[in-house]
Amino acid sequence: MGYAQLVIGPAGSGKSTYCSSLYRHCEAVGRTIHIINLDPAAENFDYPVAFDIRELISLEDVMEELGLGPNGGLIYCMEHLEENLDDWLTEELENYLDDDYLVFDCPVLRNFVEHLKGRNFNVCGVYLLDSQFMTDVTKFISGCMASLSAMVQIEIPHVNILSKMDLVSNKKDVEDFLNPEPQGLLSELNQRMAPQFAKLNKALIELVDEFSMVSFIPLDLRKESSIQYVLAQIDTSIQYGEDADVKVKDFDPEDDD
Ligand SMILES: Nc1nc2c(ncn2[C@@H]2O[C@H](COP(=O)(O)OP(=O)(O)OP(=O)(O)O)[C@@H](O)[C@H]2O)c(=O)[nH]1
Ligand SMILES: [Mg+2]
């Protein structure tokens with residue numbers, strides 16, 4: 001059984017930075033993880049990349065050789081990936097053994113997830129949302145919807161992370177959204193929006209509530225304890241370390257100010 005994190009989220013939400021910090025954290029605690037780049041538009045990395053989609057295709061080459069712009073180029077890359085994914089991934093994954101722990105930066109394809117599952121990987125979706133967006137209830141709901149849409153598309157265990165907590169000056173503002181009461185959210189939402197949206201608001205809150213989506217883990221990359229806490233949550237969701245004698249301490253991410 002292998003283990004894998006798929007790090008997803010909107011552009012600029014901090015996916016690559018998260019991968020880099022996770023890599024350094026694991027290195028420091030003597031744990032081996034392999035980071036894989038699946039972003040054909042990526043430029044450079046400050047961590048060793050185990051394997052890289054740009055060996056198969058890079059946006060730069062596509063734009064240059066086919067005379068496409070960035071958007072058309074990206075679509076071309078994705079189509080090419082879909083077609084060649086099985087062969088490429090099968091070959092690359094042969095280098096990894098049972099128990100290896102892989103972290104994928106920016107996977108986008110559903111059949112990619114199927115491929116990993118088929119090769120006996122326990123996979124967790126790690127959805128990053130920029131904490132700068134968690135300032136009011138309407139943004140919070142829109143963040144939930146984006147995460148939910150990713151979750152429904154890939155059907156795997158899912159952990160939501162609020163990234164860039166170091167930029168949040170008033171922690172209280174964000175804390176209100178970490179584990180909010182559905183009823184409180186609804187009344188806030190109703191206050192913010194015109195009366196004709198009341199029914200929609202109710203439906204949205206119910207949806208978010210039913211999918212147990214209203215749960216984000218704050219991540220402050222300056223704090224080792226915060227990274228460790230997030231990693232422990234993800235590990236639990238993919239049953240990593242259940243057989244091995246791995247100590248998963250219950251850290252409170254706020255405890256070491
Ligand atoms: N202050 C702060 N800035 C961060 C943090 N994480 C990421 N950033 C910054 O946010 C910007 C985007 O970060 P990336 O890690 O490149 O985000 P990404 O999700 O990989 O972006 P794309 O690959 O373009 O989708 C960069 O300028 C980072 O330096 C964080 O925890 N704190
Ligand atoms: Mg990136």
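The values are calculated or read from the model by the stated rules, or taken from the named source; none is laboratory data. Computed from a predicted structure; not experimentally measured. When we count neighbours, we look across all protein chains shown, and the Cβ atoms used for this are built from the backbone with ideal geometry, even at glycine.
Scanning segment 118-155 for residues that are part of a helix (DSSP H, G or I) and aliphatic (A, V, I, L, M) returns VAL137, ILE141, MET145, ALA146, LEU148, ALA150, MET151, VAL152, ILE154. Annotation note: of SER131, SER142, the sole residue that is out of contact with any helix residue (DSSP H, G or I) (no Cβ under 6 Å at 6 or more places or on another chain) and either of a type in the set (Ser, Thr, Tyr) or touching a residue at least 60 places away in the same chain (Cβ under 8 Å) (or both) is SER142.
All of (1) under 24 Å from VAL159 (Cβ atoms); (2) buried (at least 19 other Cβ atoms within 10 Å of the Cβ); (3) away from ligand 2 (no atom under 16 Å from the Cβ) hold for LEU38 with one exception: (3).
Out of the residues in segment 22-61 meeting the condition of being closer than 24 Å to LEU116 by Cα and of a type in the set (Gly, Ala, Ser), tell me which one is modelled with the highest pLDDT. Of everything passing the filter in segment 22-61, ALA50 is modelled with the highest pLDDT. Every condition in (1) small (Gly, Ala, Ser); (2) more than 30 Å from LEU189 (Cβ to Cβ); (3) away from ligand 2 (no atom under 16 Å from the Cβ); (4) in contact with a helix residue (DSSP H, G or I) (Cβ under 9 Å, 6 or more places away or on another chain) is met by SER58 except one, and the failing one is (3). When ALA42, ALA11 are checked against the criterion of being within 13 Å of ligand 1 (Cβ to nearest atom), within 18 Å of CYS77 (Cβ to Cβ), without any contact (Cβ under 8 Å) to a residue 60 or more places away in the chain and not basic (Lys, Arg), a single residue qualifies: ALA11. Which one is nearest to THR17 (Cα to Cα) among residues in segment 164-178 that are within 16 Å of ligand 1 (Cβ to nearest atom) and crowded, with 16+ Cβ neighbours inside 10 Å? That would be LYS164.
Of all residues in segment 179-210, those satisfying the criterion of being exposed (fewer than 15 other Cβ atoms within 10 Å of the Cβ) and part of a loop (DSSP other than H, G, I, E, B) are ASN179, GLU181, MET193, ALA194. Tallying residues that are among the small types (Gly, Ala, Ser), within 14 Å of ligand 1 (Cβ to nearest atom) and closer than 17 Å to ALA150 by Cα within segment 96-140 yields 0. Taking into account only those residues within segment 151-182 that are among the hydrophobic types (A, V, I, L, M, F, W, C), closer than 30 Å to GLU114 by Cβ and modelled with pLDDT of 85 or more, which is nearest to ligand 2 (Cβ to nearest atom)? So, considering only residues that are among the hydrophobic types (A, V, I, L, M, F, W, C), closer than 30 Å to GLU114 by Cβ and modelled with pLDDT of 85 or more, the one nearest to ligand 2 (Cβ to nearest atom) is ILE161. Do the conditions hold for TYR76, that is, is it of a type in the set (Phe, Trp, Tyr) and either touching a Gly at 6+ places or on another chain (Cβ under 6 Å) or within 16 Å of ligand 1 (Cβ to nearest atom) (or both)? No: the conditions fail for TYR76.
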